[in-house]
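Encoded as structure tokens, the structure appears first; notes follow it.
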Amino acid sequence: MKYLRWDETLFRDPDVFDPDYLPEEYLYRESQLSRLKANLKPAIRKSRPVSTLCLGPPATGKTTAIKLLFNELKEFEDVICVYVNCQIINSKQQAFAKIFEKVYGYSLPSYGTPFLKVYSNIMKKVVGEEKVLVVALDDLNFLLDDLVVNEIIYALLKAHEEVEGVKIGVIGIATDIKLTARLDERTGSIFHPDEIFFSPYGRDEIRDILNSRAKLGFYPDVLTSDALEMITDLTFESTDLRMGLYLLKMSGLEAEKRASTKIEIEDVDRVSEGGKKVFLRKLLGALSEDERLLLREIYSRDNLTSGELYEEFKEKMKMGYTKFYEMLNKLETIKLIDTRFDQKKRGRTRTIIKRYNSEVVLNALKDN
Ligand SMILES: Nc1ncnc2c1ncn2[C@@H]1O[C@H](COP(=O)(O)OP(=O)(O)O)[C@@H](O)[C@H]1O
Ligand SMILES: [Mg+2]
């Protein structure tokens, strides 16, 4: 086995696994992206963009979609894109301070400027310079106060009537599918967003997304396909893509800790404390009672060969070699164990290798 040298690392770029990293490859979201793009397109022709709501569970790529499009829009000087993270604001004042900052390029004094002054200064500049303003309100559902949600959206869209020639588009983003139910009559009458849904990813989609990220973050061939499959399963179970990104990074660090040039299942296993129980439970669920007994036998012992195991098992279970052999193969196929032919020993006997930590498997067998 090759070992990592002191000055070697598995990471081509560790930042790739941070949740706020903007991926070069944004997969399986073509329809959402093109609809958003179509809604924003009027902005580059100095018209009003179509107001939009992006809705879907966490980690379905909503923020990523907006950030990617805002990046693309940077080349159009007449479009000012403002990204407002509603997780860190809680008033209309704070939202508009953020917009002011983007429009003017400097921030307001931390307190004291009346809202109307901030508002009219923003509009003055937008109209005066013939710009189009696009405001993304991300994680709107974090604004607990309905009044604040309504005030912000209303103030933005009402500007058309109050200031001549102003062009503003609003993109709301939320996990709450029923967000529009939180709008009051006044706001609802001027905000008719095009709703774009971001559905949860399927297992294969998760694998492809994680794999594409791993290719950017790790050197070639670092991530073994077993490790990728395991991370995919854990991620799918958790329904959160961020869990997968986290596991990729942590298992990379774990592999480095043991100076391995590859990330193996044992690395994932070690970092996925909570997650691995879920993963194992799923595997064990596919086993018959006999197979579970065999697995328990294997994980209760060390350095076992298939010959020795058979000798013990045939006594206990009154079972022929063929049946035993099939069961062993199954455990290997679903990757609970590995077996290796031993050069020094004759015949069909194989050395059995555990793929998991014994304690974890024995505990999972007990719980199951
Ligand atoms: N389709 C995708 N392709 C590549 N990466 C994705 C995709 N969807 C989500 N991600 C990644 O998953 C993480 C969560 O996505 P994010 O856009 O923040 O989701 P949301 O805003 O819906 O909660 C980010 O790191 C993002 O890069
Ligand atoms: Mg988000």
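The values are calculated or read from the model by the stated rules, or taken from the named source; none is laboratory data. Keep in mind that what you see is a predicted model, and the values were worked out from it rather than measured. Positions of Cβ are generated from backbone atoms using ideal geometry, with glycine treated the same way; all protein chains shown enter the neighbour counts. Note: accessible area is taken over every heavy atom of the protein model, side chains too, but ligands, DNA and RNA are not part of it. Shrake-Rupley method; radii C 1.70, N 1.55, O 1.52, S 1.80 Å.
Summary of computed values
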| quantity | calculated |
| --- | --- |
| Average accessible surface area per residue within region 285-367, 1.4 Å rolling probe, Å² | 60 |
| Global geometry of region 225-291, whether rounded, prolate or oblate, following the gyration tensor of its Cα atoms and the 1.5 cut on a/c | oblate |
| Overall form of the chain per C-alpha gyration tensor (a/c, 1.5; a/b vs b/c) | prolate |
| Exposed-site-free run, longest, the chain (rule: GluC sites (Glu not before Pro); DSSP loop; at most 15 other C-beta within 10 Å) | 165-368 |
| Protein accessible area in the chain, 1.4 Å probe - carbon and sulfur % | 51 |
| Å² of accessible area per residue within region 202-282, as computed with a 1.4 Å probe and no ligands counted | 43 |
| Pairs from 67/262; 37/125; 74/178 whose Cα-Cα separation, in the structure shown, is over 28 Å | 67/262; 74/178 |
| Nearest 10 degrees, 0 to 90: helix 146-162 Cα axis against the chain principal axis | 40 |
| Per residue accessible area of region 1-136, 1.4 Å probe, in Å² | 57 |
| Set of lysines with alpha-carbon distance to residue 330 below 17 Å, sequence-local pairs under 8 removed | 282, 354 |
| Fluctuation leader among 339, 52, 239 - the chain, Gaussian network, Cα springs under 10 angstrom | 339 |
| List 111, 28, 106, ordered by accessible area with a 1.4 Å probe, largest first | 111, 106, 28 |
| Value of [θ]222 nm, deg cm²/dmol, for the chain, DSSP H segments ≥ 4, -39500 (n - 2.57) each, nearest 500 | -15500 deg cm²/dmol |
| Residue (of 232, 66, 108) at the positive-pole extreme of the chain, dipole from beta-carbon charges | 232 |
| Using alpha-carbon coordinates, inclination of helix 30-40 to the longest axis of the chain, degrees | 10 |
| Bridge type composition, the chain - antiparallel percent by DSSP, nearest 5 | 25 |
| Helix axis angle, 92-104 relative to the chain longest principal axis, alpha carbon, degrees | 80 |
